[in-house]
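Everything on this sheet refers to the single structure shown next.
The values are calculated or read from the model by the stated rules, or taken from the named source; none is laboratory data. Predicted model only: the values in this text are computed from it and were never measured. Quick reminder, even Gly has a Cβ in these numbers, built from the backbone with ideal geometry, and neighbours come from all protein chains shown. Calculation scope for accessible area: heavy atoms of the full protein, side chains included, ligands and nucleic acids excluded. Shrake-Rupley method; radii C 1.70, N 1.55, O 1.52, S 1.80 Å.
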Amino acid sequence: MGFFDFLTEEIAIDLGTANTLIIHNDKVVVDSPSIVARHRTTGKIIAVGKEAAMMQGKTHENIKTIRPLKDGVIADFDASEKMLTMFIKEIPALKKKMFTPALRMVICIPSGITEVEMRAVKESAERVNGKEVYLIHEPMAAAIGIGVDIMQPKGNMIVDIGGGTTEIAVIALGGIVCDKSVKIAGDVFTNDIVYYMRTQHNLYVGERTAEKIKIQIGAATEDLEVPPDEMNVQGRDLLTGKPKQVNISYREIAKALDKSILRIEDAVMETLSQTPPELAADIYNTGIYLAGGGSMLRGLDKRLSQKTDLPVYIAEDPLRAVVRGTGICLKTLHRYKGILIK
């Protein structure tokens with residue numbers, strides 16, 4: 001290994017349904033939406049990340065925006081590989097290199113993933129010059145990123161609400177004791193809002209607008225202590241076909257998201273009910289940790305807390321908790337070798 005060591009660069013990747021993050025030398029160097037814009041006829045990739053996200057829903061027939069990951073797993077192998085390549089090329093420290101260095105990578109994957117889907121992630125990584133590729137389960141990475149010492153014989157519960165999946169896991173002794181992965185997360189919330197606007201206001205809004213609504217005034221309960229201001233939403237009127245604007249309050253969004261949040265609650269309850277008693281005792285004291293973009297939904301922590309009668313804590317930078325944990329794994333490979341999947 002010796003000679004090649006200085007030719008090898010280490011990167012940690014959180015390949016998410018909504019956002020892809022890459023850490024290199026302890027810094028988050030890439031934080032972009034997982035979207036690719038491809039030219040229909042030539043098949044060439046026009047843009048990735050933020051640039052492609054701007055095009056979403058605004059393309060003509062020759063450009064197609066693709067989200068290569070669906071429900072946390074690779075749906076479009078070719079596009080995901082091209083996207084990864086472009087992101088890795090964007091890393092400032094690797095730009096200066098004359099030739100592409102070999103990469104040692106740690107990539108996180110959803111816990112409910114199949115062997116085939118796991119191999120797809122590995123192969124994608126190997127194609128972008130990954131010589132040593134390690135995989136880590138997302139809830140584990142989230143736990144490490146939040147700052148939980150996962151090697152202790154102590155139970156911790158992590159709920160990671162991403163774009164495609166919600167991962168719920170009870171972790172102890174560096175392993176996942178019981179877990180549940182539900183395909184209800186940020187994307188479903190966004191679609192709920194699109195559907196609500198259509199049925200309640202006869203207003204047709206695009207995905208990007210719905211996402212904006214979710215971030216600006218999204219809520220999980222109707223009784224918030226600090227309610228956000230109302231928001232003007234523009235879209236197309238389904239009756240007249242004219243563009244129009246309506247005024248929306250967070251209460252309506254809470255109504256729109258209620259059913260989906262109920263299903264996340266149920267999944268949390270089910271995971272708790274499968275937890276061994278000793279670990280349940282630990283969780284009574286430590287509470288539940290929330291990570292992922294979905295955990296930023298206003299009032300979600302309170303709602304989960306009421307449902308479970310447990311304290312619920314939100315990670316300090318929920319969007320980056322997973323990639324931070326992946327980065328820590330990469331830095332201290334020897335310590336976490338046991339929990340990584342080779």
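Can LYS337 be described as in contact (Cβ under 8 Å) with a residue 24 or more places away in the chain, part of a helix (DSSP H, G or I) and open to solvent by 10 Å² or more (accessible area, probe 1.4 Å)? Criteria not met by LYS337. The single condition among (1) in a loop (DSSP other than H, G, I, E, B); (2) open to solvent by 20 Å² or more (accessible area, probe 1.4 Å); (3) closer than 30 Å to GLY294 by Cβ that HIS60 does not satisfy is (3). Pairs linking a residue in the range 207-229 that is within 16 Å of GLY293 (Cα to Cα) to a residue that is basic (Lys, Arg), with Cβ atoms under 8 Å and 6 or more positions apart or on different chains, are GLY218/ARG298; ALA219/ARG251; ALA219/ARG298; ALA220/ARG298; ALA220/LYS302; ALA220/ARG303. Check SER249, SER260 and return the single one that is under 24 Å from THR165 (Cα atoms) and within 27 Å of the chain's Cα centre (by Cα). The conditions single out SER260.
Is one or more of the residues making up the range 114-122 in a strand (DSSP E or B) and either free of Cβ contacts under 8 Å to residues at least 24 places away in the same chain or open to solvent by less than 20 Å² (accessible area, probe 1.4 Å) (or both)?
Step one: filter the range 114-122 for residues in a strand (DSSP E or B), giving none.
Checked against the condition, which is being in a strand (DSSP E or B) and either free of Cβ contacts under 8 Å to residues at least 24 places away in the same chain or open to solvent by less than 20 Å² (accessible area, probe 1.4 Å) (or both), the range 114-122 yields no hits at all.
Of the residues making up the range 275-284, not a single one is touching a helix residue (DSSP H, G or I) at 6+ places or on another chain (Cβ under 9 Å), closer than 14 Å to ILE161 by Cα and not in a helix (DSSP H, G or I).
Considered as a group, the residues in the range 201-214 that are assigned to a loop (DSSP other than H, G, I, E, B) and in contact with a Gly (Cβ under 6 Å, 6 or more places away or on another chain) include one that is surrounded by the fewest Cβ atoms within 10 Å (Cβ to Cβ), and that residue is GLY206. The residues of the range 230-274 that are assigned to a helix (DSSP H, G or I), open to solvent by 20 Å² or more (accessible area, probe 1.4 Å) and of a type in the set (D, E, K, R), listed by number, are ARG251, GLU252, LYS255, ASP258, LYS259, ARG263, ASP266, GLU270.
Each row is one residue, and each column tells you yes or no for (1) open to solvent by less than 40 Å² (accessible area, probe 1.4 Å); (2) under 30 Å from ARG251 (Cβ atoms).
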residue	(1), (2)
HIS137	no, no
GLY162	yes, yes
GLU167	yes, yes
VAL182	yes, yes
ALA185	yes, yes
TYR195	no, yes
THR199	no, yes
GLN216	no, yes
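Residues in the range 28-52 that are open to solvent by 20 Å² or more (accessible area, probe 1.4 Å) and either of a type in the set (Gly, Ala, Ser) or within 30 Å of ALA102 (Cβ to Cβ) (or both): VAL28, VAL29, ASP31, PRO33, ARG38, GLY43, LYS44, ILE45, ILE46, LYS50, GLU51. Has the range 84-93 got at least one residue that is crowded, with 21+ Cβ neighbours inside 10 Å and closer than 16 Å to GLY164 by Cα? Within the range 84-93 (the criterion being crowded, with 21+ Cβ neighbours inside 10 Å and closer than 16 Å to GLY164 by Cα), the answer is no, since none of the residues qualifies.
Scan the range 123-166 residue by residue and report those that are of a type in the set (Ser, Thr, Tyr) and assigned to a helix (DSSP H, G or I). Show your work before the answer.
So in the range 123-166, the residues of a type in the set (Ser, Thr, Tyr) come out as 124, 134, 165-166.
SER124 - this is the single residue of the range 123-166 that is of a type in the set (Ser, Thr, Tyr) and assigned to a helix (DSSP H, G or I).
If only residues of the range 303-322 that are among the small types (Gly, Ala, Ser) and part of a helix (DSSP H, G or I) are counted, the one that is surrounded by the most Cβ atoms within 10 Å (Cβ to Cβ) is ALA321.
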